[in-house]
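First up is the structure itself, then whatever we jot down about it.
Every number here is computed from the coordinates shown, using simple stated rules; none is lab data. Here the structure is a predicted model, which means the values were calculated and not measured. Positions of Cβ are backbone-derived with ideal geometry, glycine not excepted, and every protein chain shown enters the neighbour counts.
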Protein chains: 4
Amino acid sequence: MSIKIGIIGYGYWGPNLVRNFSETPEFKVTWISDINPKRLALAAARYPAIKTSADGQTLFDDPNLDAVAIATPVSAHFELALRALRAGKHVFIEKPLTETVEQAERLIEEARKRNLILQVDHTFIYTGAVRKIRDLVREGVLGDLYYYDSVRINLGLFQPDISVLWDLAVHDLSIMDYVFPAAPVAVSATGINHVEGQPANIAFLTVFFENSAIAHLHVNWLAPVKMRRTLIGGSRRMVVYDDLEPSEKIKVYDKGITLNGTNGNKENIYQALIDYRSGDMWAPRLEIAEALRVEAQGFGHSINQGEASPSDGAAGLRVVRILEAATRSLRERGNPVELARS
Amino acid sequence: MSIKIGIIGYGYWGPNLVRNFSETPEFKVTWISDINPKRLALAAARYPAIKTSADGQTLFDDPNLDAVAIATPVSAHFELALRALRAGKHVFIEKPLTETVEQAERLIEEARKRNLILQVDHTFIYTGAVRKIRDLVREGVLGDLYYYDSVRINLGLFQPDISVLWDLAVHDLSIMDYVFPAAPVAVSATGINHVEGQPANIAFLTVFFENSAIAHLHVNWLAPVKMRRTLIGGSRRMVVYDDLEPSEKIKVYDKGITLNGTNGNKENIYQALIDYRSGDMWAPRLEIAEALRVEAQGFGHSINQGEASPSDGAAGLRVVRILEAATRSLRERGNPVELARS
Amino acid sequence: MSIKIGIIGYGYWGPNLVRNFSETPEFKVTWISDINPKRLALAAARYPAIKTSADGQTLFDDPNLDAVAIATPVSAHFELALRALRAGKHVFIEKPLTETVEQAERLIEEARKRNLILQVDHTFIYTGAVRKIRDLVREGVLGDLYYYDSVRINLGLFQPDISVLWDLAVHDLSIMDYVFPAAPVAVSATGINHVEGQPANIAFLTVFFENSAIAHLHVNWLAPVKMRRTLIGGSRRMVVYDDLEPSEKIKVYDKGITLNGTNGNKENIYQALIDYRSGDMWAPRLEIAEALRVEAQGFGHSINQGEASPSDGAAGLRVVRILEAATRSLRERGNPVELARS
Amino acid sequence: MSIKIGIIGYGYWGPNLVRNFSETPEFKVTWISDINPKRLALAAARYPAIKTSADGQTLFDDPNLDAVAIATPVSAHFELALRALRAGKHVFIEKPLTETVEQAERLIEEARKRNLILQVDHTFIYTGAVRKIRDLVREGVLGDLYYYDSVRINLGLFQPDISVLWDLAVHDLSIMDYVFPAAPVAVSATGINHVEGQPANIAFLTVFFENSAIAHLHVNWLAPVKMRRTLIGGSRRMVVYDDLEPSEKIKVYDKGITLNGTNGNKENIYQALIDYRSGDMWAPRLEIAEALRVEAQGFGHSINQGEASPSDGAAGLRVVRILEAATRSLRERGNPVELARS
């Protein structure tokens, strides 16, 4: 029997949720909610068979509803999700999970107590590209991971309530969380806001790991060109992941360095220690299923089997923990902030 | 009458100096020096008319020599330059000027006292691309400068004595120094070394300016691809400078944001404050003279006219000051370091 | 009062027609027809307010219907359009207009006699990019036109009934027809089919013009990469139009040659006659309205005002005339075929 | 003992020949000849140990000279090469070998009679990229060859004595000759000259092969951008060779079509016959030796061992035969011209 789900928030992303849950056999969308009457009318026109309500509470009160998907501004996440969980609904929620670590921890606890599924919409980890990278890491193709280095920039859309870190870096943090086995231990962030009184629209975030890996995220709402490019350096191979490439989003380079023990004489002082390796490049074929469809299926699977998804509440919390620390570091011009252990 | 110059150091860059000073009418190359006998023999074979010596002192002792160009590892810069200046020679020296701020200050003072020219080889500021950017800034085409954001990465060449900051970021710092009118006030740097006991081979450097501008430099010796790409954001226009483009190295985008005063209602909360502007792009034709040739002519001009060049000792010092502060910040995981005023 | 239109053919392109005519205020879509029951059911589900019929004749018989849009395989174009015109309906028809010159001439005559609008869906000429190119040509920015050179290749979709010329080159021929003021006089085409018994899947077509211009079209269904790149050379400027670029689809180069009268001496024999000009590049901002929307509005305007559109039957005929001649030339391995004057 | 060689023609390409033969151990450059006194003086200044002469005959008369390399305009090739061979010298000669098939045949015969080596400078076939393509073809990686499709365009350098076919297409013809096992049987060429009275500066050449393969060459001296891009389609894999890529010049795509025997029903008429295959892409590491160096070594090897090189006189003749036929076809607007069998 299909899971009955309601979508709360029919703005930018909500329509994608309605479409994907509608086309996933495990689900039946029975409600759409939005506080904005125009958007609600639009939803009603497109989906005459789905009930609509301006108030999310109507959904929580429907005893036939099994789950809700929350696609509101992040400031409403915590309260809506809490009420949904208390009403016994499984929750699928947009990224980032919450505005604070404390809120995330409370939602996780609430879901745990009631045996409900709490899943965060970390969309990228359900793409063919990121899943392929994770496979390459797991199979040891990349060797030891040296660094994760991402540039995610474009012009707009300035958000009034959250900084560019919470809007764009969240994507990379969720990818890192999924791909990197090591635990992050500290962050240093810098940034700037070019609109007075508004959150930072450019930010640079370094994440230090327990081992010798490092991550750097580079996000910007005020760039003349759009870039979505991530380098992942490993001891055996290195990956360039360019999400804007229509095909060949992932390129695997057999490039790197090899340390050798020979003592360099003065003549070859620069080359003595290190050899550079430059071999083939390979762009593996990727699965092309829409990420949100895969994700919806996973949410259904989690509900039906009671299993955690890779973007469960704990994953959402780990990402929020880094964002919270980064926000503090950014205010202090890069002053490093240690991350509490999970 | 032409200026007689000797080149000290005939390794990677020295041959370019010999070739360019040889072909610049203001100069006559009379000496080449290198402590390595093989390199010296190579120089002698290529330039039978130029005298060679294993010892730089021979050059300083030649009363007919007017100037020296120093292209040795940076650790030898200070002592050689000091001896050259004390011997009354004008000095052209590779970047970075010295290993420390103190050394740079002493060289500047020494040159000042003796009325000698001290010029640092900040090559990029003599390229057609960077000079065009500076013109665009000066003429107000870009408006107020918002940010400088550079990625300068490739595989190799790991240096044993200096970190990637001193090898690669130095280029961007010299460009910034030339192009940005505002003064930097603090830095935060992070990075990592993947070869034990060696200097950082990946580094990320944020530079804060006295106004609302910010700069970010991103350097890496362990990248699978080569990139040389700088974004410069202004209130009126933004520039993408890609030094690897065979043509169209500079693209000027009529893109950006415009703040408007209308009070947003709830419906348009995201769009109320900010309008996004997306107009034409323009790639100006660039001068294609070899930078080092332009630079050599400028050195000759400075000597003959007694005028400072845009990459004089003071410029070299400003760059070294940032590098020194960045090195400290990197050791402290991004802890911000204030820059002393010049 | 809005124009009542029915769409015949709800396969690959038909849904786009339904969507665009539905959202164009001048039109009201009242019928959808398709001989395939599944597609018809799909249409009915998506558009419950629109009537459906398996037989196009039902539409022709509806006295309240003003116009039809035909999106069937090209083999059905002529008969359906003829019946529609005879039933007094205006006709919007997919490219290419017909399978033969004779059919095109008969449709044009039929529409003329009945004072009906016959418009071909030459989509590209309604894009911001092609309209900008036409403006540049008309305003003399490019100078005299020297050549049109297009590469339009990808993997698939092999068509069983028409060659790659009729599927892909038709786009370029319609662009040329719109942009180039000169008249084509002859063609030479070559090509090959890699599937036995099927039409050519690779073709190369040269079009000769009455003046010194030339066009070359390069189409391929069996290419490993997708390309949509057109060069347009003029005496004053040259354009690169890359339809796959997300932004900057049109680049205008101030490049070319200048003939000079000086007699070259033997030393400069190669440079004596010709100077090469290499100036700025400029990517104008383009209108981003969906082409099919602009086209639908134009069809409405033509019906209401009785004015011909730039892709009227005569334009469709000119394109078919070249395709017919090219098909003959291709069979004869490039043997040139003269084009009859319109 | 090293082979003594003289270079005739010290213009654009001659200096590369002098440098490469000088640095190839098998050779010793003893003469440079050029009818232009300035160029000859330049050669003498750079290479004081090499004798110079304004007259090639001086070289032919030197009994100690073993070989000559001819880098003059093509109009002088035949006579100089003939005199050199008659004087008993081995001949290395720029592409294209001669102006006519007849001249090429006479040079081949002259070399054969005297047991001398005649090698044409088909540079590209000595690059790592083209040698890799040939390996891929020979090892069956590409399967049956379907097509060779090349675009070779840029702005300038207009040649006064030969058309763009003889200047640029010659490169592709030599690559095809080296890579494609099948024999060409006919050509169709079109083109245009934009400078009155001068040879064609844009040309399009189709080459038909004895099997179902086809080649198309696209050359242009009047293009706003530089392109050097070749597609090679095979039944098993397809190659994109972009000579302007700094790395990854060769990309091998596991893409193509598979024919299947199932009878399509009406619903799937387009997909019934053909399946599209889209797998990994792979960019093999390439040898990076300078082509001219490899070529010089090969010339030395041929002389010492009496073995033919892959760019011997016969290869040069095959290329000239196509160029001669193409020139005729171009004059006749694409009229196909059969190629005589070798």
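What FRET efficiency would be calculated for the residue pair B:Gln57, B:Met1, taking the C-beta separation as r and a Förster radius of 25 Å, to the nearest 0.05?
Values: r = 25 Å, r/R0 = 1.00.
My answer for the efficiency is 0.50.
Charges at C-beta only: +1 for Lys and Arg, -1 for Asp and Glu. How large is the resulting dipole of chain A about its Cα centre, in Debye rounded to 20?
Numbers: 38 positive and 41 negative charges, 58 e Å.
So the dipole magnitude of chain A works out to roughly 280 debye.
Taking a point 7 Å out from Cα toward Cβ as the label site, list the nm distances between A:Glu105 and the same residue in every other copy, smallest first.
4.8, 8.6, 9.3
Using only Cα atoms and rounding to the nearest 10 degrees, what angle (0 to 90) does helix D:313-331 make with the longest principal axis of chain D?
60
Of C:Leu168, C:Asn16, C:Leu155, whose Cα points farthest to the positive end of the dipole of chain C (charges on the beta-carbon: +1 Lys, Arg; -1 Asp, Glu; origin at the Cα centre)?
The listed residue farthest towards the positive side: C:Asn16.
May I ask for the angle, rounded to the nearest 10°, between helix C:101-114 and the longest principal axis of chain C, with both axes built from Cα atoms and the value confined to 0 to 90°?
Taking Cα atoms only, the helix is inclined about 60 degrees.
Across chain C, how many lysine pairs, 8 or more positions apart or on different chains, have C-alpha atoms separated by under 20 Å? Please give the number.
13
Calculate the spin-label point distance for D:Glu23 paired with D:Gln198, positioning each point 7 Å from the Cα along the beta-carbon direction, and give it in nanometres.
3.4
Between rounded, prolate and oblate, where does segment D:145-257 land on the alpha carbon gyration tensor, with a ≥ b ≥ c its root eigenvalues, rounded for a/c under 1.5, else prolate if a/b exceeds b/c?
Oblate.
May I ask you to give the average projected area over all directions of the convex hull of the Cα atoms of the protein assembly as shown, in nm² rounded to one decimal? Could you put the intermediate results ahead of the total?
Working: hull surface 219.2 nm².
It is 54.8 nm².
Which one of A:Ala45, A:Leu65, A:Ser33 has its Cα pushed farthest toward the positive end of the charge dipole of segment A:28-88, where Lys and Arg give +1 and Asp and Glu give -1 at the Cβ?
A:Ala45
Return the average number of partner chain Cβ atoms within 10 angstrom of each residue Cβ along peptide B:139-152. Working shown, then result.
Values: counts 0, 0, 0, 0, 0, 1, 0, 5, 7, 0, 7, 0, 6, 0.
Mean shielding count: 2.
Taking the Cα centre of segment C:289-342 as the origin and placing charges on Cβ (Lys, Arg +1; Asp, Glu -1), which of C:Val294, C:Asn304, C:Gly334 is farthest toward the positive end of the dipole?
The residue sitting most towards the positive pole is C:Gly334.
Per residue, how big is the convex hull of segment D:1-98 when only Cα atoms are used? Give it in Å³.
Details: hull volume 8.4 nm³, N = 98.
Once divided by residue count, the hull of segment D:1-98 is 86 Å³.
If I histogram all Cα-Cα distances within segment C:55-117 using bins 10 Å wide from 0, what percent of pairs lands in each bin?
Calculated over all Cα pairs of segment C:55-117, the distribution is 24, 59, 16, 0 percent.
Over what distance in Å are the Cα centres of segment D:280-304 and segment B:297-342 separated?
Rounded to whole Å, the Cα centres lie 46 Å apart.
At a Förster radius of 56 Å, what calculated FRET efficiency corresponds to the Cβ-Cβ distance of C:His301 and A:Lys226, to the nearest 0.05? Numbers along the way, then the final one.
Details: r = 35 Å, r/R0 = 0.63.
After rounding to 0.05, the efficiency reads 0.95.
Size of the dipole of segment C:1-158 about the Cα centre, Lys and Arg at +1 and Asp and Glu at -1 on the beta carbon, nothing else charged, in debye to 20? Provide the component values of the computation, followed by the final result.
Working: 20 positive and 19 negative charges, 83 e Å.
The calculated dipole for segment C:1-158 is roughly 400 debye.
Run the dipole for segment B:3-48 about the Cα centre, Lys and Arg Cβ at +1, Asp and Glu Cβ at -1, nothing else charged, and hand back the magnitude in debye, nearest 20.
Numbers: 6 positive and 3 negative charges, 26 e Å.
That gives segment B:3-48 a dipole magnitude of about 120 debye.
Kirkwood Rh over alpha-carbon pairs of chain A, then Stokes-Einstein at 25 °C and 0.890 mPa s: what D in µm² s⁻¹, rounded to an integer? Can you show the working numbers first?
Working: Rh = 21.5 Å.
Taking Rh from Cα pairs, D becomes 114 µm²/s.
Compute the distribution of all C-alpha to C-alpha distances in segment D:117-177, in bins of 5 Å from 0, and list the percent of pairs in each, rounded to whole numbers.
4, 14, 21, 23, 18, 11, 7, 3, 0
Can you give the FRET efficiency to the nearest 0.05 for D:Arg236 and B:Asn260, using r as the Cβ-Cβ distance and R₀ = 41 Å? Walk me through the intermediate numbers first.
Numbers: r = 59 Å, r/R0 = 1.44.
Here the calculated transfer efficiency is 0.10.
Rounded to the nearest 5, what % of DSSP beta bridges with both residues in chain B are antiparallel? Show your work: numbers first, answer last.
Details: 43 of 71 bridges.
Here the antiparallel bridges make up roughly 60 percent for chain B.
Measure nothing but the geometry: give the 0 to 90° angle between the long axis through the Cα atoms of A:77-86 and the longest principal axis through the Cα atoms of chain A, rounded to 10°.
For A:77-86 against chain A, the angle is about 60 degrees.
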